[in-house]
């Protein structure tokens, strides 16, 4: 994709400078470092030199040039604004690549978190819970018994909270039963 951006910008610059299209493609074909892109550009050169339009030559190479790219080139050729279209295409491809990179980097974090959650859950189910099971077996009590009869410390803490809530409920009941609505409004 980066090669396509560079190719589009350089071709736009050459066409804008008045260099003939065939000569521009020949120069670009010699300068491109990527061998696949170099072969494509040299084939474009041969096809355009053989009489095809640039858009017709690009249609053959569907893996490199998308249908949008080819259609925009065709519109640029027919309108006479090929250099402007090439420059806009390069900008569009750059922005699309930047957006793809942002999306990929944004998706990495949730994938890592989900993977870690899965690994931790797997570890808990594989190693930690069996350890607790062996501890409970050593008590000679089932897990259900231990849940239904909590230790005395938990019972006493729960009863303390129950006493607090009950006391609050009784105070409210006494307040509402003792005073009438008008008397309660005057007190508050």
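Is it fair to say residue 100 is out of contact with any helix residue (DSSP H, G or I) (no Cβ under 9 Å at 6 or more places or on another chain), assigned to a helix (DSSP H, G or I) and modelled with pLDDT under 90? Reasoning before the result, please.
Numbers: out of contact with any helix residue (DSSP H, G or I) (no Cβ under 9 Å at 6 or more places or on another chain): yes; assigned to a helix (DSSP H, G or I): yes; modelled with pLDDT under 90: no.
Taking the combined requirement at face value, the residue does not satisfy it.
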Filtered residues of segment 78-100 (kept if crowded, with 19+ Cβ neighbours inside 10 Å and either more than 29 Å from the chain's Cα centre (by Cα) or not assigned by TED's automatic domain parsing to the domain that holds residue 8 (or both)): 82, 85, 86
Test for residue 121: is it free of Cβ contacts under 8 Å to residues at least 12 places away in the same chain, over 19 Å from the mean Cα position of the chain (by Cα) and over 24 Å from residue 10 (Cα atoms): yes
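Tell me which residues, restricted to segment 132-152, are surrounded by 10 or more Cβ atoms within 10 Å (Cβ to Cβ) and either part of a helix (DSSP H, G or I) or modelled with pLDDT of 75 or more (or both).
Correct list: 132, 133, 136, 137, 139, 143, 145, 146.
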Options 117, 106, 75: the member that is surrounded by 10 or more Cβ atoms within 10 Å (Cβ to Cβ), modelled with pLDDT of 90 or more and not assigned by TED's automatic domain parsing to the domain that holds residue 61: 117
Of all residues making up segment 14-28, the number that are in a helix (DSSP H, G or I) and either more than 17 Å from residue 2 (Cβ to Cβ) or outside the structural domain of residue 84 (by TED's automatic domain parsing) (or both): 10
Residue identified as over 23 Å from residue 96 (Cβ atoms), surrounded by fewer than 19 Cβ atoms within 10 Å (Cβ to Cβ) and in contact with a helix residue (DSSP H, G or I) (Cβ under 7 Å, 6 or more places away or on another chain) among 22, 5: 22
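Results for (1) outside any helix (DSSP H, G or I); (2) free of Cβ contacts under 8 Å to residues at least 40 places away in the same chain, shown as yes or no for each residue.
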{"residue": "51", "(1), (2)": "yes, yes"}
{"residue": "57", "(1), (2)": "no, yes"}
{"residue": "63", "(1), (2)": "yes, yes"}
{"residue": "74", "(1), (2)": "no, yes"}
{"residue": "86", "(1), (2)": "no, no"}
Residue in segment 123-137 that is in contact with a helix residue (DSSP H, G or I) (Cβ under 6 Å, 6 or more places away or on another chain) and farther than 30 Å from residue 43 by Cα present: yes
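The values are calculated or read from the model by the stated rules, or taken from the named source; none is laboratory data. These numbers come from a predicted model, not from an experiment. Virtual Cβ from ideal backbone geometry, glycine too; neighbours counted across all protein chains shown.
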